[in-house]
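What follows is a set of notes on a single structure, which appears directly below.
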Amino acid sequence: MQDNLSGGNRYMTQLFAHNKKNGLTQELIEALIPMFEEASAGAIAVDRDSRITWINASYSELLGFDSPSSMIGRFVRDVIPHTRMPEVVETGKPLLLDIMEHQSQQFVVTRLPFFDEDGGIVGAVAFVLYDDLQPLTPLVSKFRRLHQDLVAARKALAKKTRGTRYSLGDFVGASPASLEVKRRARLAAGRDMPVLLLGETGTGKEVLAQAIHTVSGRAEKPFVGVNVAAIPDNLLEAEFFGVAPGAYTGADRRTRDGKFQLANGGTLFLDEVGDMPLPLQAKLLRALQEGEIEPLGSNKVVSVDVRVIAATSRNLETMMAEGSFRSDLYYRLNVLEIPIPPLRERLADLGVLCEALLEDICDGLEIRGEITDAAVSALGGYDWPGNIRELRNVLERALTMGEDNGLLDADAIFKVLPRNGSRPQSSLSPRPVRPLAQVMAEAEAQAIESALVACRGNRTRAAKLLGISRSVLYEKLARMS
Ligand SMILES: Nc1ncnc2c1ncn2[C@@H]1O[C@H](COP(=O)(O)OP(=O)(O)O)[C@@H](O)[C@H]1O
Ligand SMILES: [Mg+2]
């Protein structure tokens, strides 16, 4: 080391020979450079043509050379392919901190140019601060985490400025029922008419409403959602139509835009529209018919252009019969109706739904969620009153309670599945006694169908799940068809 140090000093002395005027600075630098050299894992200097003029033993060793002398005079890139020394010599700008790859290693390096007294480039010197990133691990992982956060925040912001989070691909499902839902949604997206989404809670009404907006010609305009059930009746009117200045005697004298104004040009999603009180139903109807609204406390009308997508889990026809929902509003909203069947009626979607939900749940986590076919089959025995929202919760809980590897088997599912909601087995309901062979054939056919559903149609895996060989399964399938 001592040899190289003095070598380094010799180089530096030469380098600064023409710079004597600036004695103090030079002395300082000359004092600092050996310190840097000693603390670093390697040091190198090049001339203005990027040819190596000096390299210390530790660096030449790090690079896999026997001795420093064999490297003197060579173009630096011939020896260190990824070095940016030529750039420093070229531009005269230091690269204070950089990570350089060298034969599958990573070096943290700093590179400084040197000038003569006329400001011309003489060469450059570089130090390898770390020859492995280990000491920097906390810093690097912090950087990586911040970077991930940034990416996520940018994504969220992009979605937020569009006002939506979902597109049609996010409505997962391959069952005939789901495909019909998606067909109608595409139809709805292509036209500017009101849409009514009907379905139990958690069936994906909001997903679909956002998806329709995203695919529609209004995609660049706002998507504004309002959940009627979540807002007290006495505030609904202001929420919908806004407030004119001075409408209330009191502190708030400013104009406040309602959801209609906010959604202008875009889509207004009226969630739980069945929960709307009758007086507001009349006002909503007028707004939809006229394309005009009247903010609270104002005597002027404002014209608005919104496409309305309404949704409800209530039975509006029953409500109309009872007089709690206006039929004229119903017909106004229900130009295109999209019924979304409950999960229990499209169990064939369970497999793909689980895969999509697990991927989403585990996004950004260390684990990769996976589910066995038997576990999917176990999920099929439950009634799913909360539909896909509940399925998501069950999977989340199973992951939290289960093994660290993220693999969900049937046991993990049984542990977290509510007990009281399993579907009544058809065999338990009272039925006329029939020939045993017939009952057994039906049970067999049902088991095979369930297994195929759980395995997304994969026959090899279905046979395994049923505990029979593939050829036996094929035989049975042939007999069934
Ligand atoms: N077809 C689907 N594919 C994927 N995720 C879905 C689907 N339907 C619903 N979800 C998920 O289930 C949850 C509830 O959906 P949401 O649209 O809020 O239901 P609803 O408005 O009908 O109560 C959300 O987390 C959503 O992402
Ligand atoms: Mg909802």
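Throughout, read-outs are computed from the coordinates displayed, never taken from laboratory work. No experiment lies behind these values; they were computed from the predicted model shown. Counting neighbours? That spans all protein chains shown, and the Cβs are built from the backbone with ideal geometry, glycine included.
For the reader, a short list of remarks on this structure follows.
- Model label zone, residue 77; criterion: amide N under 18 Å from point 7 Å along Cα-to-beta-carbon; scope region 35-49: 45-49
- Dipole orientation for the chain: of the candidates 238, 121, 177, 177 has the Cα lying most toward the positive pole (charges on Cβ; Lys, Arg +1; Asp, Glu -1).
- Rounded to 0.05, the FRET efficiency of the residue 174 and residue 98 pair, given R0 = 60 Å and the Cβ-Cβ distance, is 0.75.
- The ranking of 309, 293 from fewest to most other beta carbons within 10 Å of each one's beta carbon is 293, 309.
- Once C-alpha pairs closer than 8 Å and six or more residues apart are averaged by separation and normalised to the residue number of the chain, the relative contact order reads 10 percent.
- Entries in 205/476; 93/142; 259/415 that, when Cα-Cα distance is taken, lie over 32 Å: 205/476; 259/415
- If R0 is 25 Å, the Cβ-Cβ spacing of residue 315 and residue 389 corresponds to a FRET efficiency of close to 0.80.
- Among residues other than residue 271 with Cβ under 10 Å from its Cβ, the summed charge is -2 (Lys and Arg +1, Asp and Glu -1).
- CD proxy at 222 nm, helix term only [per DSSP H run n ≥ 4: -39500 (n - 2.57); per residue of the chain; nearest 500]: -14000 deg cm²/dmol
- Peptides 223-230, 196-203 ordered by average Cβ neighbours within 10 Å, highest first: 196-203, 223-230
- Loop-located trypsin sites (Lys or Arg not before Pro) in region 334-428 (DSSP state not H, G, I, E or B) with no more than 16 neighbouring Cβ atoms inside 10 Å: 368.
- Residue 87-residue 201 FRET efficiency (beta carbon distance; Förster radius 45 Å; 0.05 resolution): 0.15
- Separation of alpha-carbon centers, region 57-91 and region 431-481, rounded to whole Å: 70 Å
- Set of aspartates and glutamates near residue 464 by C-alpha distance (under 19 Å), chain-local residues within fewer than 8 positions excluded: 370, 373, 409, 411, 444, 449, 475
- Among 74-84, 113-123, the order from most to least packed when residues are scored by Cβ within 10 Å on average: 74-84, 113-123
- Spatial offset of region 284-309 relative to region 365-417 amounts to 46 Å, using the alpha carbon center of each.
- Approximate spin-label separation residue 397-residue 39, in nm, with each point projected 7 Å along Cα-to-Cβ: 5.7 nm
- Nearest-ten-degree value, helix 436-454 long axis tilted from longest Cα axis of the chain: 30 degrees
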